[in-house]
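Below is one structure, written out as structure tokens; comments come after it.
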Amino acid sequence: MNLIALKSPSFRLYFMGSMSAVNGLWILRILIGWLAWELTNSASFVGWIAALSLLPSLFIGPFFGVMVDRASIKLAAFCTNASIILCVCTLLAIQIADILTPTLLSICTLAIGIVTAGHHPVRMSLGPRLVGREHVGSVVALAALNFNTARMISPAIGGIIIDLFGITAALAITILFYLPSLIVVPFLRPRDREKITKKEAFSTAFTNGLKYISQRIELKLVLAMTALMSASIRSTTEILPVVADGIFNSGATGLGQLGSAVGAGALLSAIVKALGPVQTDHTLKGSPLIIAAIGITTVFIFGNSENWPLTLFTAAILGFCSTYLGVAMQSAMQSDLPDGFRGRVMSIWTVTTMGATAIGSLAVGAITELLQLPMATFLLSFVCFIALIALRFQVSQSQKL
């Protein structure tokens, strides 16, 4: 079983706070995506908003990674959680004042993206430090289970709330969901990290994180797989408003259903990983390559479907593949990782994930605007399949070394 991390009282408390926050996260994602589409009816603007929420992790994520390796992890967790709540409160105030424009939505989304860029290395460092080192794989699997349970339930709930009660009510509910994750922070007891005998300059600390990865071929291959699955599978799930309302005219409720279909597949994948054996190595052999091939093929089918049940089914497959690969790659990065490098190395993993997803979302949105969604997903899946074949060759070569 992969649930052993729950034996830690501190992790259980953290897990409960996180359960509430991720429900708020998924309602917020549906809200922002729907607002982007409702304000402009533009696929490229939806892609732009998705990219704005992700690009800060690409540019400033490494800075936060270095800071997390130096700062009090509890203080960092409190600050990032409080900042997310402040950003949502600001968006709520703008909505109540009825002055929301594409520009203001872009600014708010960018602010949320910046805070999220800081929060990623915090949560990736905090969770593993609440359990023994041998149980880090369990932490990753449980985090994915938590994240994707909310991913299945909350988009549908968010869509219904938007349709029945409006954007303002949905934003207020989002804030309430985020509060418990802030309240539990003072009661957590993370493990002390290794003492740093010499304080490094930021550039030196970040460079040392890159060196740690560059000296390990298996970690470089994990990052390559992460970039590939993010640019193809994850980026496709960022343009759901274009599919839900632009193709099927199903409104916010349809968007919620589509998001929940992705979440259902993701939840199934998270359960498979949580109930399976704890991953303790960096391997890319076998199932990750097969799952990646299935996911990339599904991108093409999803973008060319004109049948709503088929679209929901393929969305679920995308969710399954994205989560399976995400958990596997994160576990591979975290395996045997020293606490003193955890923030930096995982921020680089996050940069890869978010950056590739942002670039993929921008590309799919722009190509959809010019050539329609079927051609956009065909080009994306074709290019990524070629890249997957090249990666498979590199994996084979590394195993001979």
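Read the figures in this text as sums done on the coordinates, not as results from a lab. Quantities reported herein were computed from a predicted structural model and do not represent experimental measurements. Cβ atoms come from the backbone with ideal geometry, glycine included; neighbour counts cover every protein chain shown.
Some notes on this structure:
- Net lengthening on full extension, Q397/K7 (0.36 nm per residue, minus Cα-Cα): 136.4 nm
- Segment 293-336: radius of gyration and largest Cα-Cα distance (Dmax), Å: 13.1, 46
- Inter-centroid distance (Cα atoms) of segment 203-256 relative to segment 79-148, Å: 16
- Stretch gain in nm, segment L310-T40, where the contour uses 0.36 nm per residue and the Cα spacing is subtracted: 94.5 nm
- Structure remark: mean-square fluctuation, Gaussian network model of the chain, C-alpha springs under 10 Å; the largest value among T103, T116, T311 belongs to T103.
- Mean ellipticity per residue at 222 nm, deg cm²/dmol - from DSSP H runs of n ≥ 4 across the chain, formula -39500 (n - 2.57): -27500 deg cm²/dmol
- Taking 7 Å steps out from each Cα toward its Cβ at R189 and T90 produces label points 3.7 nm apart.
- Cβ-based charge dipole, segment 298-401, positive-most Cα from V351, L318, F302: V351
- Rounded to whole Hz, the Karplus (6.51, -1.76, 1.60) HN-Hα couplings of segment 85-90, x for glycine and proline: 4, 4, 4, 5, 4, 5
- Comparing A252, A387, A111 in a Gaussian network model of the chain, where Cα atoms under 10 Å apart are tied by springs, the biggest mean-square fluctuation is seen for A387.
- Relative contact order (%) - the chain, alpha-carbon pairs under 8 angstrom, separation at least six: 30
- Distance between the 7 Å Cα→Cβ label points at F59 and I217: 3.6 nm.
- Förster radius 35 Å - calculated FRET efficiency between A97 and L275 (Cβ-Cβ, nearest 0.05): 0.15
- Subtracting the Cα-Cα distance of I386 and A293 from 0.36 nm times their residue separation leaves 32.4 nm of extension gain.
- Whether segment 63-165 is rounded, prolate or oblate, judged on the alpha carbon gyration tensor where a/c under 1.5 counts as rounded: oblate
- Fluctuation leader among S305, S381, S269 - the chain, Gaussian network, Cα springs under 10 angstrom: S305
- Residue-by-residue Karplus 3J(HN,Hα) for segment 113-119, coefficients 6.51, -1.76, 1.60, Hz, glycine and proline x: x, 5, 5, 5, 4, x, 6
- Computed over the chain, the ratio Rg/Rh where both radii use C-alpha atoms and Rh is Kirkwood: 0.95
- Near-label residues of segment 87-101 by backbone N, under 17 Å of a point 7 Å along Cα→Cβ of L179: 87-90, 92-93
- Label separation (L164 vs M375): 4.2 nm, computed from points 7 Å beyond Cα along the C-beta direction.
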